[in-house]
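Asker: One structure is given below, represented as structure tokens, and several questions about it will come after.
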Amino acid sequence: MNKQFADIAFPTAVRQVFTYKTRDDSIKPGMRVWVPLRNEFAIGMVVRVHSEKPEFETRPIERILDSEPIMNETVLKLTEWIHRFYFCSWGEAIQAALPVGLNFSSEKRLRVKKGFKGEITEEELAILEEIEEKSITLKDAEKRWRDGKGKSFFKKALKQGWISIWEEPKQKVDFKKIKHWRIKDGIKPDSVLEELTEKERGTKWVQAFEELTTLELPLPNSELQEMDELFTTYSLNRIEEEGWIESVDLPVKGDEIYKGEFEPDQLNELMGEQEGAFEQIREALDSKSFKSFLLFGVTGSGKTEVYIHALKHALDQGRGGLVLVPEIALTPQTVKRFYQIFGDQIAVLHSRLNEREKYEAWQSLKSGEKRIAIGPRSAVFAPVENLGLIVVDEEHDNSYKQQNPAPRYHARDVAIMRAHMEGAVTILGSATPGMVSVQAVKEEKHTLLHLPMRPTGTMPEVIILNMKEYKSAMRGPLTVELYEETQKALDRKEQVIFLYNRRGFASFMQCEDCGHIPESPESSTSLTYHKRKNILLDHYSGYSRRADTRCELCGSSDLKTKGSGTQQVEEQVQEIFPDARLLRMDMDTTSGKHGHQKIYDQFLSGGADILIGTQIVAKGLDFPNVTVVGVINADTELAFPSFRAGERMYQLLSQVAGRAGRAEKPGVVYVQTWKPEHPAIRYAKTHDFKTFARYELHQREMLMFPPYSRMIVFQFKSPSWSKVQAVADKFCDAMRMVVGENPVMGPSPSVIEWMSGKYQWEANIKLDRKYNASAIEKLLDTIFKKYDSIKPKGAGAVRINVDVDAVE
Ligand code: ADP
Ligand code: ZN
């Protein structure tokens, strides 16, 4: 029997697939199609073909866009799981898994009305002919006939219906191009320069030309202008006028990834515990069935070494590999290590690759030409064929969770699910595993592999500086001790890193006398200060009270609200070390394409004495000449209103400590804090993760926070405060009707209660950890149905986002 129908997913928020009539047998799941949707056409993805005739009239598929499925069966199944578990539409999940150039984009194109006869001039006819011939896009047309007669005729022709607009699938991979300069054909720079007079040679633009001839052209205009002040728009144009250079539009070049020598057989011998760990992984690979490992080892214990051996084994089995890393730009060293062994077998799915490179990397995996993919979160969907191993490095990293837009998936959990589906092995690696993974080891879902020692180097010393004792002994933001140690290091011509924490948006209250930050009696998380109503608020439980006027601990009235605005730290540090050369690294300074790498290289080559930065400096960087690392305001992390604040604090400190101890010269880490007794700080000092984890899990269990529950966060957004509040209230009513009082918390205004013109509220529900994809889907469906039956007037203006296993 012919499969006459196809279910098709669209990248809209509607959690439904639509059934269409198929044209012939060639259609398969994983192919894109062009179909009518409401009054327009749209691209959709075939997710199922079948012969179950629906009750309603089905419309036919207009066109099949791919001759072969562009998504394999497993990845398609994976997107279905995401659709159910994270409660998004199937199409949204599919969209996240497709590369640019092969997605759902369509564009508006123009057509000339058939049999058009009108009284128009010669020029106007030419315009129509051009549209007809090139089936030009609306966007290009608006650029092409931007002004004058062309524009007015174009407008008229549209109005009269002489030309019409059609939605068309954007099929061709259409890569962005930018202006490059190159030496004009036939120009011999040396002879050109020889013919010039002395005076001519003295001009800036001729100097610019001389400079240009030393470079490997073509180079982008923007890059040249950044490179040297000789290359001004004026001088480049002047040289062009002379006929020596010309401009061409070429595709944007992506970030350089490491390319160089590689030697597949240059594996290091594994040492000590590394060997035992690898043995277990090898056994699992040989059994060709799913198994997941938690590889727990401090920075420098050789986790990467183990990944490399495991990957090599998977390749030897004829299988492929997938390596997830938090952010490639922050881990150039890691990528380099893999490249040195596997070389051209690796496709790097770098977020800063240009579109063409991303597309090509994807194709090279799909065709089987490359067998290992390495990349951030979205690389979990890479079309690696015959997948044997997935590595999730720094598995605790928050960047693995997508926040916005949907699908709000966690790449670590998707990786585990994918491995499950493909009978592959996963290795989750970390020096500070997340509590979810620690608990999964206890429940025997993951097998623990422990690398306790550093084969090279030692752990750095961590010194806690109690701010209570230094109140009157501060130099700017630094305690006298940190100030003096910094000065000594600078005198020895060594380098220093200062890390200040910036949790931009949440403001909190802190006592200036004892450092106390008020906590919620209900969830034990820090209370957020909301200026609008002058209240302290717990955004988990909705508990709130008027902002304190006296410290509840010591009675002092010296309370301050704190939050963002730590930028002055840089100025203050410059003031106390006037001769030091400072470098800043944070989101603002690293936003450029090479921003991060530039700062990194500059600091590494001794171009600055002190590097000041946010959390970002704690990640993935090695500086051998750094001997002092100062964490200026450790408490800001603890003040963050999240039940994960302690876990984060520990991770941050241990990452910083990992940085400082890698080189020949031992480093010392100084941590300035008002809460030296806090377990996250105490155990980070002694590098005692196990004890910290035991404490932290106990805390979580008492309050039934994850990993003892599965938490779903609902976010409500609207420009109207009253509507958003009414909807949040009703939604919580609906939840309580379905699951009872206990698991539901909220609603309350979000930590950021106002953003991009919208008020934000939220509510949570804590479910049993056992809720799987279909149970979550069923429950949420029921809740939304209940809510629909009681929702208030104007509810349509309020957006409701669902975030399963939210990570704030
Ligand atoms: P991690 O990934 O846990 O931070 P790495 O794998 O990067 O640890 O190892 C840290 C350093 O120690 C690296 O320079 C690595 O080359 C070296 N190293 C680790 N294990 C070995 C080994 N078995 N043989 C040689 N060098 C090793
Ligand atoms: Zn106090």
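Asker: Which aspartates and glutamates, if any, have their Cα less than 15 Å from the Cα of Lys199, not counting same-chain residues under 8 positions apart?
Answerer: Lys199 reaches Glu210.
Asker: What cysteines in the chain have no other cysteine with a beta carbon less than 4.7 Å from their beta carbon?
Answerer: Isolated Cys, the chain: Cys88, Cys732.
Asker: How would Arg550, Arg710 rank on accessible area, largest to smallest, probe 1.4 Å?
Answerer: Arg550, Arg710
Asker: Within the stretch 597-640, which residues have the backbone N less than 17 Å from the label spot 7 Å out from Glu226 along Cα→beta-carbon, could you tell me?
Answerer: Of the residues in the stretch 597-640, 597-603 have backbone N under 17 Å from the label point off Glu226.
Asker: Can you compute the label reach from Glu246? Point 7 Å from Cα along the Cβ direction, backbone N cut-off under 12 Å, restricted to the stretch 176-216.
Answerer: Only 182-187 pass the distance filter.
Asker: Beyond 18 Å, what percent of the Cα pairs of the stretch 676-797 remain?
Answerer: Everything past 18 Å amounts to 62 percent.
Asker: To continue, here is another question. With r defined as the distance between the Cβ atoms of Gln317 and Asp768 and R0 fixed at 35 Å, what FRET efficiency is calculated, to the nearest 0.05?
Answerer: Computed FRET efficiency for Gln317 and Asp768: 0.40.
Asker: For Glu57 and Trp721 in the same chain, what is the full-extension length gain: residue separation times 0.36 nm, less their Cα-Cα distance, in nm?
Answerer: Gain on stretching Glu57 to Trp721: 234.8 nm.
Asker: With a/c under 1.5 counting as rounded, go ahead and sort the stretch 15-136 into rounded, prolate or oblate using the C-alpha gyration tensor (a ≥ b ≥ c being the square roots of the eigenvalues; past the cut-off, prolate if a/b is larger than b/c, else oblate).
Answerer: Cα axes put the stretch 15-136 in the prolate bin.
Asker: Extent of the chain along each principal axis, from alpha carbon coordinates, in Å, largest to smallest?
Answerer: 89, 86, 61
Asker: Now a separate question. For the pair Glu167 and Glu571, how long in nm is the line joining their label points, each one 7 Å along Cα→Cβ?
Answerer: 5.2 nm
Asker: In the stretch 1-133, what percent of the accessible surface is made up of carbon and sulfur (1.4 Å probe, ligands and nucleic acids excluded)?
Answerer: 47 percent
Asker: Still on this structure, I have one more. Binning every alpha carbon pair distance of the stretch 392-457 at 5 Å from zero, what are the percents per bin?
Answerer: 4, 15, 23, 24, 18, 10, 4, 2, 1
Asker: Another one. Tell me which of Met474, Ala547, Leu559 sits at the most positive position along the dipole axis of the stretch 446-559, charges placed on C-beta atoms (Lys, Arg +1; Asp, Glu -1).
Answerer: Among Met474, Ala547, Leu559, the one farthest towards the positive end of the dipole of the stretch 446-559 is Ala547.
Asker: Kindly state, to the nearest 0.05, the FRET efficiency for Met755 paired with Ile187, given R0 = 51 Å and r defined as their beta-carbon distance.
Answerer: E between Met755 and Ile187, to the nearest 0.05, is 0.40.
Asker: Which lysines, on any chain, are close to Lys785 with Cα under 22 Å apart, when same-chain ones fewer than 8 places away are left out?
Answerer: Candidates past the 8-residue exclusion: Lys717, Lys723, Lys730, Lys766, Lys793.
Asker: Another question about this same structure. Remind me, what semi-axes does the stretch 264-305 give for its equivalent ellipsoid, largest first in whole Å, using sqrt of 5 times each Cα gyration tensor eigenvalue?
Answerer: 19, 14, 9
Asker: At 7 Å along the Cα-to-beta-carbon direction for both Glu677 and Glu195, put a label point, then send me their distance in nm to one decimal.
Answerer: The modelled label-to-label distance comes out at 8.5 nm.
Asker: Select from Met745, Val462, Phe231 the residue farthest towards the positive end of the dipole of the chain; place +1 on Cβ of Lys and Arg, -1 on Cβ of Asp and Glu, and compute about the Cα centre.
Answerer: Met745
Asker: Give the accessible area for Glu226 in Å² (nearest 10); use a 1.4 Å probe, count only protein heavy atoms, and leave out ligands, DNA and RNA.
Answerer: 140 Å²
Asker: Still on this structure: Can you give the Rg to Rh ratio of the stretch 77-132, both from alpha-carbon atoms, with Rh computed by the Kirkwood formula?
Answerer: The Rg/Rh ratio comes out at 1.43.
Asker: Further question on the same structure: Divide the volume of the convex hull of the Cα atoms of the stretch 138-220 by its number of residues and quote the answer in cubic angstrom per residue.
Answerer: That works out to 182 Å³ per residue.
Asker: Also: Per 5 Å bin, what percent of the C-alpha pairs of the stretch 296-424 does each bin hold, from zero upward?
Answerer: Each 5 Å bin holds this share of Cα pairs: 2, 11, 21, 25, 23, 13, 4, 1.
Asker: Let's test the formula: R0 of 45 Å, r as the Cβ-Cβ distance of Asn268 and Glu484. What FRET efficiency results, to the nearest 0.05?
Answerer: Given R0 = 45 Å and the Cβ-Cβ separation, E is 0.65.
Asker: Under unit Cβ charges (Lys, Arg +1; Asp, Glu -1), what dipole magnitude, rounded to 20 debye, does the stretch 1-108 have relative to its Cα centre?
Answerer: I would put it at about 120 debye.
Asker: Leaving ligands and nucleic acids out of the surface, order Trp145, Trp166 by accessible area at 1.4 Å, largest first.
Answerer: In descending accessible area the options line up as Trp166, Trp145.
Asker: Select from Met271, Ile281, Gly300 the residue farthest towards the positive end of the dipole of the stretch 262-325; place +1 on Cβ of Lys and Arg, -1 on Cβ of Asp and Glu, and compute about the Cα centre.
Answerer: Farthest along the dipole direction, towards plus: Ile281.
Asker: Report Arg371's accessible area, 1.4 Å probe, all protein chains in place, as a number in Å² to the nearest 10.
Answerer: Arg371 has an accessible surface of roughly 70 Å² with all protein chains in place.
Asker: Related question: Kindly flag which residue pairs out of Lys77/Lys358; Lys77/Lys336; Lys143/Lys170 have an alpha-carbon separation exceeding 21 Å in this structure.
Answerer: Lys77/Lys358; Lys77/Lys336
Asker: Here's another thing I want to ask about it. What fraction of the Cα pairs in the stretch 714-774, stated in percent, has a spacing above 18 angstrom?
Answerer: Of all Cα-Cα pairs in the stretch 714-774, 39 percent lie more than 18 Å apart.
Asker: Follow-up. Which value, in Å² and to the nearest 10, is the accessible area of Asp729 when all protein chains are kept and the probe is 1.4 Å?
Answerer: Accessible area of Asp729: about 70 Å².
Asker: Then there is this: In deg cm²/dmol, rounded to 500, what helix-only [θ] at 222 nm does the chain give when every DSSP H run of at least 4 residues adds -39500 (n - 2.57) and the total is split over its residues?
Answerer: -10500 deg cm²/dmol
Asker: Tell me which GluC sites (Glu not before Pro) from the stretch 512-577 have a DSSP coil assignment and no more than 16 other beta carbons within 10 Å of their own.
Answerer: Loop-located and lightly packed - Glu512, Glu522, Glu552.
Asker: Indicate, rounded to the nearest 5 percent, the antiparallel portion of the DSSP beta bridges found entirely in the chain.
Answerer: Of all bridge pairs located within the chain, approximately 55 percent are antiparallel.
Asker: Using a 1.4 angstrom probe on the protein heavy atoms only, line up Met704, Met45 by accessible area, largest first.
Answerer: Met704, Met45
Asker: Separate question: If I model a spin label as a point 7 Å beyond the Cα along the Cα-Cβ vector, how far apart are those points for Gln340 and Thr213 in nm?
Answerer: 4.1 nm
The values are calculated or read from the model by the stated rules, or taken from the named source; none is laboratory data. Given the structure is predicted, the values throughout are model-derived calculations rather than measurements. We place every Cβ from the backbone using ideal geometry, glycine too, and count neighbours over all the protein chains shown. These area figures cover heavy atoms from the full protein model, side chains too; ligands, DNA and RNA do not enter into them. Shrake-Rupley method; radii C 1.70, N 1.55, O 1.52, S 1.80 Å.
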